[in-house]
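The block underneath contains the structure these notes are about, expressed in structure tokens.
The values are calculated or read from the model by the stated rules, or taken from the named source; none is laboratory data. Since we're looking at a predicted model, the values are computed, not measured. Note that each Cβ is placed from the backbone with ideal geometry, even for glycine, and that neighbours are counted across all protein chains shown.
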Amino acid sequence: MEEPTNAVLANIRSEWDWVRPGIEEILHLDINADYRPEDVYASCVMGESHLWVHPEGFVVTTSETNKYTGEKSLLIWIAHAKQRGGSVATDYTAFFEDVARKTGHSQIQTITPHEPLVDYLVATAGWQKQHIILGKDLRD
């Protein structure tokens, strides 16, 4: 297998025209997502999150700090592949592990409602299931 081209840190203003439709696609597939494309844009512009682009798509990362231990996790907040059903998630795991280590993070994490993706990452990329968050909407 050929190694994937590394992702590069990008300016969301320059990439917005093709990144926004990808975010909208993700939001369409995840009815529980609580952010809008504009929130992602603002978070990147403010330096709270980072946009990474690669030939197969893009990733938005942010840093989370455990309030009890102070340990930092690099959260893969949003990941979009131009072609669904491939191995992009596993192809870039090593790259983002390296980014996490170099930036003082003790782990990488992601959050998804898609159980097949969880099973795939656990089976093929060394990820571990750490938490399962269930929610019940109480709005009328």
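If you check residue 20 against the conditions, is it modelled with pLDDT of 95 or more, surrounded by 12 or more Cβ atoms within 10 Å (Cβ to Cβ), within 23 Å of residue 134 (Cα to Cα) and charged (D, E, K, R)?
no
Looking at (1) modelled with pLDDT under 85; (2) surrounded by 10 or more Cβ atoms within 10 Å (Cβ to Cβ), which is the one condition that is false for residue 132?
(2)
Hey, can you tell me all the residues within the range 54-63 that are at pLDDT below 95 and in contact with a Ser or Thr (Cβ under 8 Å, 6 or more places away or on another chain)?
Passing the criteria: 54, 55.
Among the listed residues 70, 104, identify the single one that is farther than 23 Å from residue 9 by Cα and at pLDDT 90 or above.
Exactly one residue qualifies, and that residue is 70.
Give just the number: which of (1) in contact (Cβ under 8 Å) with a residue 40 or more places away in the chain; (2) over 22 Å from residue 101 (Cα atoms); (3) of a type in the set (Asp, Glu) does residue 64 not satisfy?
Failed condition: (2).
Within the range 110-129, how many residues turn out to be of a type outside the set (A, V, I, L, M, F, W, C) and surrounded by 16 or more Cβ atoms within 10 Å (Cβ to Cβ)?
Qualifying residue count for the region: 1.
Looking at 8, 40, can you tell me which residue is surrounded by fewer than 17 Cβ atoms within 10 Å (Cβ to Cβ) and within 26 Å of residue 94 (Cα to Cα)?
When all the criteria are applied, what remains is 8.
Based on this model, can you work out whether residue 40 counts as under 24 Å from residue 134 (Cα atoms) and either at pLDDT 95 or above or assigned to a helix (DSSP H, G or I) (or both)?
When the stated conditions are applied, residue 40 passes them.
The rows are residues; the columns are (1) among the acidic types (Asp, Glu); (2) part of a strand (DSSP E or B); (3) surrounded by fewer than 19 Cβ atoms within 10 Å (Cβ to Cβ).
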residue	(1), (2), (3)
64	yes, yes, yes
68	no, no, yes
73	no, yes, yes
76	no, yes, no
79	no, yes, no
83	no, no, yes
90	no, no, yes
95	no, no, yes
101	no, no, yes
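Please state which one of 81, 42 is closer than 22 Å to residue 115 by Cβ and among the small types (Gly, Ala, Ser).
One residue alone meets the criteria, 81.
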